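*Asks:* Starting off with a structure, shown below.
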Amino acid sequence: MEHLADLVDLYEYRVEDLVAGRTPKGGKKALLQLRALLAQARLPAPLAKRFRQADARFRALRGSLEPPPHPPELPALVPEEPETPAMPDAAPVLKALAEKVWRLWVEREVKARAKDFLTGRREELRLIHAFLQNYLDYREKEGFKRDFNLSRFAPTHPIPSLSESLLDLEDPKVAEGLLLEFLETALHIPQDLPLPPEETRAYLRRFLNRLLEWEEAYGLPPKRDLLALRRALEEARRLGASAQEIARLEERLKKEALEERRRELLLEEEKRRFQVASEKVLALLNLLPTPQGETPWPWVPEPGHGEESLLTLPLAPGRIPLGPLVLTLSQVEGVWHLGLGGEDHVLEEALVVPWEDLEVWAVREGELLHLRLEARSGLRLYELLAEGRLLARLLSPEGDYAHLRLLRALSAKLKGEFQPQGFGKELAEKYRQAPEEALQDFARKLLELTLRRLGPADPTPPLLQVGQALGLETEAQTLAEALREYLGRRPPTRETLGGEVHLLSLTPEPLGLKVGQSVLSLRLREDALYVGQAGEVPRRLKDLLVYRLPEGAVVLAREGRRLAYLVMPNP
């Protein structure tokens with residue numbers, strides 16, 4: 001590996017010489033030979049990324065240095081050639097690829113969310129079904145595109161009962177299908193209506209409220225006509241009916257009034273339960289891409305750019321290195337195939353290929369192919385990285401461990417035991433003297449305890465109060481935003497983690513991670529993984545580790561033989 005690292009260094013130096021206008025040592029021929037050698041070598045992920053970055057600079061420079069061909073001399077009377085049409089804009093294609101990646105992600109997320117809706121009376125699924133029927137029906141009517149406030153909308157399809165024969169609400173596949181269709185419908189509302197994407201949630205809230213205000217939506221018996229019974233009773237008394245007849249009418253009116261009261265109470269209960277369900281349904285809109293929801297658009301790099309686990313490239317037969325894997329792309333009788341581990345998979349619009357605890361996501365749009373490597377094991381690695389990002393802020397010694405002191409003060413306030421003098425700068429000296437492993441364990445337990453005490457409440461008001469008491473208003477505001485983001489970005493994704501997520505496979509051979517000018521060594525001994533630098537005592541990585549460097553904090557997460565890490569720059 002050191003030999004390969006030296007060759008990559010040499011290639012970078014020669015490209016730098018070329019960029020600076022100097023002839024590289026050995027000439028361009030030696031540079032091209034070294035480039036070909038590295039292109040064929042099986043470089044580890046960090047070295048492969050460095051080589052691709054240097055090679056991109058070389059290719060860009062080579063394109064700018066090649067002189068344009070001389071135009072042929074033409075007679076003066078020959079008419080001018082028409083201008084060459086401009087290359088099509090790649091932005092629409094990249095957006096289409098990003099949308100397909102989002103669909104793959106949301107399908108995986110919906111499988112987990114559907115389990116929560118398959119309990120109790122399944123109000124959320126029944127409400128989604130009623131919404132889809134009413135929306136698709138109203139969409140075909142005249143005046144739909146101008147009725148933003150739904151003033152002319154009259155529901156026609158009630159909420160189905162739990163025992164609806166046309167729906168099998170106990171089937172997870174049915175639940176997943178309803179959630180996916182709901183999200184797809186919501187995604188296309190701005191195309192159905194001349195409506196800004198940001199207004200999608202407000203429009204859906206109005207639609208659901210109109211549906212819930214419709215009394216016939218709940219399948220209850222019709223409202224009883226008590227007024228007609230009262231008039232019949234008054235008429236019988238006026239005409240001098242017998243006491244027996246009057247008593248019979250009074251008894252009937254009393255029974256009907258009791259039944260109507262029961263119906264009203266049941267209606268109120270149904271409205272309350274479905275109102276709660278509507279909030280859970282609207283919360284699903286967070287899965288939509290921004291600005292309709294809160295999920296960032298997946299990053300799809302332009303062809304020729306990316307990282308070791310994220311690539312966009314033209315469709316062409318050959319071998320494709322993707323992180324620790326090597327894929328093959330081939331075409332047989334006009335059909336493209338993606339190969340992994342000796343098995344070929346037909347490549348159509350979208351494809352997910354599992355490999356141990358990883359998944360290869362492949363999406364195709366025209367002649368472009370986008371590949372990404374994702375963690376297969378239920379996003380656990382991403383959840384650890386999200387926690388690690390917050391821990392990196394808490395463990396920062398800036399401001400005498402201001403964020404860690406604020407979190408401890410917040411926990412005390414939520415318990416009702418907050419005294420400002422107990423969370424001053426003298427705590428920072430204790431934190432400095434504590435071993436790094438012990439301090440990280442303390443911060444993780446404190447975070448877990450604080451979030452449990454906080455519950456679903458917004459952390460901002462109490463945190464600003466303790467920040468004002470400690471003279472740390474700015475730091476309290478920053479920590480409140482970080483806590484809200486951590487609690488609101490569930491589940492986390494590659495994009496919401498705010499940095500490049502790298503995935504590695506652990507092997508018995510030592511690995512090196514280069515972060516700026518620092519190099520971290522990873523050594524696997526039996527089942528224990530140790531992280532450290534030369535001349536320092538290695539630290540053991542269990543499932544999560546925040547390793548501070550001059551360049552920033554490296555957040556490392558481990559699950560089995562899989563390692564994910566990202567780098568957070570210093571504030």
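*Asks:* Report, by chain and number, residues whose modeled amide H sits under 5 Å from the one on E500, excluding near sequence neighbours (fewer than 5 apart, same chain).
*Replies:* V567
*Asks:* So, one more: Please calculate how many Å² of accessible area the chain carries per residue, with a 1.4 Å probe and no DNA, RNA or ligand atoms counted. Please list the in-between numbers first.
*Replies:* Values: 31220 Å² over 571 residues.
That works out to 55 Å² for each residue.
*Asks:* Tell me the label-point distance for the pair E348, K445, using the 7 Å Cα-to-Cβ offset, in nm and rounded to one decimal.
*Replies:* About 5.4 nm, to one decimal.
*Asks:* Compute the long axis of helix 436-454 from its Cα atoms, compare it with the longest principal axis of the Cα atoms of the chain, and write down the angle in degrees, 0 to 90, nearest 10.
*Replies:* 20
*Asks:* Run a plain Debye calculation on the range 115-216 (Cα atoms as equal point scatterers, no solvent) and give log10 I(q)/I(0) at q = 0.13, 0.14, 0.18, 0.22 Å⁻¹, rounded to two decimals, same order as the q list.
*Replies:* Result of the Debye calculation: -0.48, -0.55, -0.89, -1.23.
*Asks:* Give the angle, between 0 and 90 degrees and rounded to the nearest 10, that separates the Cα long axis of helix 2-19 from the longest principal axis of the Cα atoms of the chain.
*Replies:* Value to nearest ten degrees: 80.
*Asks:* Further question on the same structure: Okay, helix-only estimate at 222 nm for the chain: each DSSP H run of n ≥ 4 adds -39500 (n - 2.57), divide by all residues, round to 500 deg cm²/dmol; what do you get?
*Replies:* On the way: 16 runs with 272 residues, N = 571.
The helix contribution divided over the chain gives -16000 deg cm²/dmol.
*Asks:* Using a 1.4 angstrom probe with every protein chain in place, what is the largest-first accessible-area order of R152, R126?
*Replies:* Numbers: R152 140, R126 15 Å².
Descending accessible area places them as R152, R126.
*Asks:* While we're here: How far, in nm, would the chain grow between L136 and S151 when pulled straight, counting 0.36 nm per residue and subtracting the alpha carbon separation?
*Replies:* Details: separation 15, 0.36 × 15 = 5.40 nm, distance 1.70 nm.
Between L136 and S151, full extension yields an extra 3.7 nm.
*Asks:* Sort out for me the Cα centre separation of the range 469-514 from the range 186-237, rounded to whole Å.
*Replies:* Going from one Cα centre to the other spans 45 Å.
*Asks:* Using 1/(1 + (r/R0)^6) with R0 = 25 angstrom and r between the beta carbons of K542 and E429, what's the FRET efficiency to the nearest 0.05? Each step should come with its number before you reach the end.
*Replies:* Details: r = 27 Å, r/R0 = 1.09.
Efficiency computed from Cβ-Cβ geometry: 0.35.
*Asks:* So, with a 1.4 angstrom probe, what is the percent of accessible area on the range 280-323 that is carbon and sulfur? Mind dumping the intermediate values first?
*Replies:* Details: 1040 of 1740 Å².
The computed percentage sits at 60.
*Asks:* Let me ask something else about it. For the range 156-246, what percent of Cα pairs sit more than 18 Å apart? Provide the component values of the computation, followed by the final result.
*Replies:* Values: 2826 of 4095 pairs.
Taking all Cα-Cα pairs of the range 156-246, the fraction more than 18 Å apart is 69 percent.
*Asks:* Are there any chymotrypsin sites (Phe, Trp or Tyr not before Pro) in the range 376-473 that are in a DSSP loop and have at most 15 other Cβ atoms within 10 Å? List them by number. Present the calculation step by step, with values, prior to reporting the outcome.
*Replies:* Values: sites: Y382, Y401, F418, F423, Y431, F442; in loops: F418.
Within the range 376-473, no chymotrypsin sites (Phe, Trp or Tyr not before Pro) qualify (loop, at most 15 other Cβ atoms within 10 Å).
*Asks:* Amide H of G532: which non-local residues (sequence gap of 5 or more, or other chain) have their own amide H closer than 5 Å, using H built in the peptide plane?
*Replies:* S521, R539
*Asks:* What do you get for the angle between helix 460-470 and the principal long axis of the chain? Use alpha-carbon atoms, 0 to 90 degrees, nearest ten.
*Replies:* 60
*Asks:* Separate question: Could you give me D for the range 237-281, from Stokes-Einstein at 37 °C and 0.692 mPa s, where the hydrodynamic radius is the Kirkwood radius over C-alpha pairs? Units µm² s⁻¹, please.
*Replies:* On the way: Rh = 13.2 Å.
Answer, rounded: 249 µm²/s.
*Asks:* Okay, next question. Run through the range 386-439 and list the trypsin sites (Lys or Arg not before Pro) located in a DSSP loop whose Cβ has at most 14 other Cβ atoms within 10 Å. Present the calculation step by step, with values, prior to reporting the outcome.
*Replies:* Numbers: sites: R389, R393, R405, R408, K413, K415, K425, K430, R432; in loops: K425.
For trypsin sites (Lys or Arg not before Pro) across the range 386-439 that sit outside H, G, I, E and B with at most 14 neighbouring Cβ atoms in 10 Å, the list reads K425.
The values are calculated or read from the model by the stated rules, or taken from the named source; none is laboratory data. Since this is a predicted model, take the numbers as computed values, not measurements. Positions of Cβ are backbone-derived with ideal geometry, glycine not excepted, and every protein chain shown enters the neighbour counts. Ligands, DNA and RNA are excluded from the accessible area calculation, which covers all protein heavy atoms including side chains. Shrake-Rupley method; radii C 1.70, N 1.55, O 1.52, S 1.80 Å.
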